[in-house]
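No value in this document is a laboratory result; all are computed from the given coordinates. Quantities reported herein were computed from a predicted structural model and do not represent experimental measurements.
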Amino acid sequence: MEIPETLPTAATPPIAAAPSAEPAPPSSSAMITLMEPIERKSGQVIDKLLLKKPRAGDLRGGLKVEDLFAGNVDALLTVVPRIATPFITTQEAEMLSTEDLMEVAGTVRGFFLPPSIKAALAQMGGG
């Protein structure tokens, strides 16, 4: 019986784990690029918004998840200043183009979809 000259070391590459059938955990934020950037009086231009998943405190004042999911404009205009980075005012939210508002609505709606639905939509869309 021969003894190998070298033994496996820590540098031996690990065995890859089998792919998981479980979908990725839900994302808690999403970056959107505005088609019509927000231009502030100071000259600052905001062309991207990072939206975080709304928490219970963001829904204060009578906001309902159902209204956000349905794309209710009043609900969206109320919650966007609470979940956007950089911070935007209610007046700036009201000046979003309809295309940008629909992008915001779709992003907010996506925060509330179960992972299984997100995975099915990704498959249907080829991504």
(request) Treating cross-link reach as a plain straight distance, find the lysines whose alpha-carbon is under 18 Å from the alpha-carbon of LYS118, omitting any fewer than eight places away in the same chain. (result) LYS52, LYS53
(request) Specify the inter-centroid distance of segment 37-61 and segment 89-127, based on alpha-carbon positions, in whole Å. (result) 14 Å
